[in-house]
Amino acid sequence: MDPVDLDPLVPSHPSEDIPVARRELLKNQRVPRRDRAWVWWLLAAAGLVSAGGFAAWVFFRPVSTAQETGTQETGAAAAAPLSSDTLTDTLSTSAEDIPTLLGHRQYALANPTELVPFSKNVEVKLRPSAAQKLEAMVAQAQAEGIQLKAISGFRSLEDQHYLFFDRQAELAQTPTVRAEVSAPPGYSEHHTGYAVDLGDATQPQTHLEVSFEQTPAFAWLQKNAARYGFELSFPKDHAEGLSYEPWHWRFIGDQQSLETFYKE
Ligand SMILES: [Zn+2]
């Protein structure tokens, strides 16, 4: 077995919660802002005419389109009627605000001093909320005859540097190919302290392998992990282009963790 976690670590992009057809629409709408200025005036005029006094302030932060247009756009607010067009543009702006690299979403690193080691494998560290639930989950699984093993938790930038750049060089891969199975430093869910790779202690040959899905541990997780606030980050029916990782689970059981992975 490969000693390193070859886990693809493909972060969940927020747009994956948007239906595919709509995502394509958003993608196609990334046009220079100056080209759609007239649309705003048209929308604003329509809003005044239909005038139920119904308008919404839509705020814009600096967006990446400034690079495309070469302008020094610093953000603006526009009054426009609340329409599906407005909503679509707001979603588009939000998606552009989230930094991604080779398809991976950027994550802030957890403070290492706040992490808690997992009792059965102190190398695996998680944020306190996630660690507490993991302990409870593993204990309950054990009570039901299931031997869950925590393989990997928090990772530093240095850890991820090794997994991405060093392995890329060893395997003579291009960045694009490497990114299919690993995230660049700064772009892994493991940086958050909420993600954990789990295995079945009785079947080590399935660790970090898709075959893990055939183990009793995986079946138990599928049935019970949600009770402890854990979900699969990259399930089988995930959006196209993201690898299936039955071993990679993330904690979304409190406000901060939920916002970490779902906020747009
Ligand atoms: Zn993982």
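For a quick protection proxy, order the peptides 110-123, 147-160 by their average other-Cβ count within 10 Å, most packed first.
Working: 110-123: 13.5, 147-160: 19.9.
Descending mean neighbour count gives 147-160, 110-123.
Would you tally the net charge around Phe218, using a Cβ to Cβ cut-off of less than 13 Å, leaving Phe218 out, and scoring K and R as +1, D and E as -1?
Numbers: positive: Lys149, Lys223, Lys236; negative: Asp197, Asp200, Glu209, Glu213, Glu245.
Every neighbour counted, the sum reads -2.
What is the projected area of the convex hull of the Cα atoms of region 129-189, averaged over all directions, in nm²?
5.4
Based on the alpha carbon coordinates of region 121-264, what radius of gyration and maximum Cα-Cα distance (Dmax) apply, in Å?
That works out to 15.1, 46 Å for Rg and Dmax.
Quick one: how many lysine pairs does region 106-262 have with C-alpha atoms less than 22 Å apart and a gap of 8 or more or different chains? Give me the count, please.
So the count works out to 9.
Using per-residue counts of other Cβ atoms within 10 Å, averaged over each peptide, order 172-180, 206-214 from highest down. Don't skip to the end; give the middle numbers.
Values: 172-180: 13.1, 206-214: 17.8.
Peptide ranking by packing, descending: 206-214, 172-180.
Output needed for region 87-199: three equivalent-ellipsoid semi-axes, defined as square roots of 5 times the C-alpha gyration tensor eigenvalues, in descending order, whole Å. Working shown, then result.
Numbers: eigenvalues 168, 79, 36 Å².
They are 29, 20, 14 Å, listed from largest to smallest.
Taken together, the values in this text are just the output of simple stated rules run on the coordinates, not laboratory data. In this text, all values refer to a predicted model and were calculated from it rather than measured experimentally. Positions of Cβ are backbone-derived with ideal geometry, glycine not excepted, and every protein chain shown enters the neighbour counts.
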